[in-house]
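> First the structure, which I've put down as structure tokens, then a few questions once you've had a look.
The values are calculated or read from the model by the stated rules, or taken from the named source; none is laboratory data. This one's a predicted model, so the numbers in the text were calculated from it and none came from an experiment. A quick note on method: Cβ atoms are made from the backbone with ideal geometry, for glycine too, and the neighbour counts reach across all protein chains shown.
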């Protein structure tokens with residue numbers, strides 16, 4: 001909850017407003033931008049679930065606290081433009097583009113600039129969701145070349161790469177073509193942490209995204225009678241603190257959908273965060289005690305399903321099942337009931353398991369999920 005002293009300051013008049021606490025700033029690699037240690041990822045808010053007024057209120061709150069880094073997927077950002085999120089005046093906007101050819105991304109950049117009511121985009125991220133083959137193909141298709149032309153023309157300021165695949169991150173850094181990397185990083189997903197040092201060596205900025213691992217690191221019902229020991233420690237504050245402690249990260253981009261959630265994350269970024277190895281081990285062990293070793297981290301590296309494609313949301317099904325197991329809240333069953341493709345559609349081909357970096361038995365997990373969530 002937001003403390004009373006902070007509410008009093010932000011609701012005071014401009015003429016009498018007291019000095020707000022300062023959020024920590026970090027350098028974003030060769031861009032020389034000074035970005036807030038915590039940023040806002042709007043990915044969960046742009047699909048019609050939130051109004052312009054709700055988004056505008058959250059943006060104002062974050063700006064009042066000094067947050068200046070905002071990110072989203074491209075091509076659906078008109079809501080953000082209407083809510084007043086415009087690059088410039090110490091506001092930096094990063095958009096991730098999924099386009100596969102030079103012509104497609106050229107059109108997409110124009111469209112997104114128009115939707116943001118802006119003259120440029122601060123950072124254009126080339127997405128490499130599926131790994132090194134997709135990365136190479138996009139380079140061959142002229143996507144990077146078009147981004148470089150857009151940068152030279154001033155319609156984007158910097159070029160980034162977004163992926164969870166370590167081989168792609170390394171190749172992108174060593175190519176010296178990218179100013180920033182953006183990758184998943186959390187208490188649950190640290191497999192790319194060693195790449196951050198390589199990025200620092202090459203003066204490439206590091207954005208850590210999905211720091212709550214799809215939300216599975218966050219306790220959903222502190223008053224539940226079914227609480228598992230240690231579950232109250234699974235919260236926004238601890239999840240953000242864990243990532244903030246890594247000094248090789250320039251900005252931790254969090255999906256915060258309310259002012260209370262924003263405060264819980266940002267208050268940790270108002271001072272330097274230092275965690276000992278024992279403290280980090282205790283946090284990881286508590287996570288395993290609560291969720292088990294075989295929980296889905298939502299890295300989506302198993303995507304797409306060989307038989308059913310991208311519409312089969314393996315990670316969402318596994319996460320929803322684990323949440324119901326822990327909290328016994330019927331809302332998770334209701335969410336499953338509305339899914340287009342349910343877990344019983346899995347053919348047990350095993351192709352997803354071969355791609356999972358955590359060696360999760362996905363096929364068995366999907367079978368169990370359908371049984372648990374359909375009862």
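> Scan the range 111-122 residue by residue and report those that are assigned to a helix (DSSP H, G or I) and either more than 21 Å from residue 138 (Cα to Cα) or outside the structural domain of residue 145 (by TED's automatic domain parsing) (or both).
113, 114, 115
> Given the condition more than 18 Å from residue 62 (Cβ to Cβ), buried (at least 21 other Cβ atoms within 10 Å of the Cβ) and in contact with a strand residue (DSSP E or B) (Cβ under 9 Å, 6 or more places away or on another chain), answer yes or no: does some residue in the range 241-263 qualify?
yes
> Being within 30 Å of residue 232 (Cβ to Cβ), crowded, with 24+ Cβ neighbours inside 10 Å and touching a residue at least 24 places away in the same chain (Cβ under 8 Å) is the requirement here; does residue 207 meet it?
When the stated conditions are applied, residue 207 passes them.
> Looking at the structure I just gave you, is residue 303 in a loop (DSSP other than H, G, I, E, B) and in contact with a strand residue (DSSP E or B) (Cβ under 6 Å, 6 or more places away or on another chain)? Explain how you work it out, then say what you get.
Values: in a loop (DSSP other than H, G, I, E, B): yes; in contact with a strand residue (DSSP E or B) (Cβ under 6 Å, 6 or more places away or on another chain): no.
For residue 303, the condition - in a loop (DSSP other than H, G, I, E, B) and in contact with a strand residue (DSSP E or B) (Cβ under 6 Å, 6 or more places away or on another chain) - is not met.
> Do we find that residue 85 is closer than 27 Å to residue 194 by Cα and crowded, with 21+ Cβ neighbours inside 10 Å in this structure?
So residue 85 fails the test.
> Exactly one condition in (1) within 25 Å of residue 247 (Cβ to Cβ); (2) over 17 Å from the mean Cα position of the chain (by Cα); (3) at pLDDT 95 or above is false for residue 69; which is it?
(2)
> Could you check, for the range 87-110, whether at least one of its residues is touching a strand residue (DSSP E or B) at 6+ places or on another chain (Cβ under 6 Å), modelled with pLDDT of 95 or more and assigned to a helix (DSSP H, G or I)?
Yes, the conditions are met somewhere in the range 87-110.
> Tell me, please, whether a residue that is under 30 Å from residue 182 (Cβ atoms), within 23 Å of the chain's Cα centre (by Cα), crowded, with 18+ Cβ neighbours inside 10 Å and outside the structural domain of residue 190 (by TED's automatic domain parsing) can be found in the range 345-355.
yes
> Of the numbered conditions (1) in contact with a helix residue (DSSP H, G or I) (Cβ under 9 Å, 6 or more places away or on another chain); (2) surrounded by 18 or more Cβ atoms within 10 Å (Cβ to Cβ); (3) part of a helix (DSSP H, G or I), residue 161 fails exactly one; give the number of that condition.
Tallying (1) in contact with a helix residue (DSSP H, G or I) (Cβ under 9 Å, 6 or more places away or on another chain); (2) surrounded by 18 or more Cβ atoms within 10 Å (Cβ to Cβ); (3) part of a helix (DSSP H, G or I), residue 161 fails exactly one: (3).
> Given the structure, is residue 242 in a helix (DSSP H, G or I) and either in the same structural domain as residue 352 (by TED's automatic domain parsing) or on the phi > 0 side of the Ramachandran plot (or both)?
So residue 242 fails the test.
> Something else: Counting just the residues of the range 263-279 that are touching a residue at least 60 places away in the same chain (Cβ under 8 Å) and in a helix (DSSP H, G or I), which one comes out nearest to residue 251 (Cα to Cα)?
Keep residues of the range 263-279 that are touching a residue at least 60 places away in the same chain (Cβ under 8 Å), which gives 263, 265-266, 268-272.
Checking the rest, the ones that are also in a helix (DSSP H, G or I) come to 263, 265-266, 268-270.
Working: 263: 16, 265: 12, 266: 12, 268: 13, 269: 10, 270: 13 Å.
Top of the filtered list is 269.
> Return yes or no: is residue 370 at negative phi, outside the structural domain of residue 215 (by TED's automatic domain parsing) and either in contact with a strand residue (DSSP E or B) (Cβ under 8 Å, 6 or more places away or on another chain) or buried (at least 17 other Cβ atoms within 10 Å of the Cβ) (or both)?
Yes: the conditions hold for residue 370.
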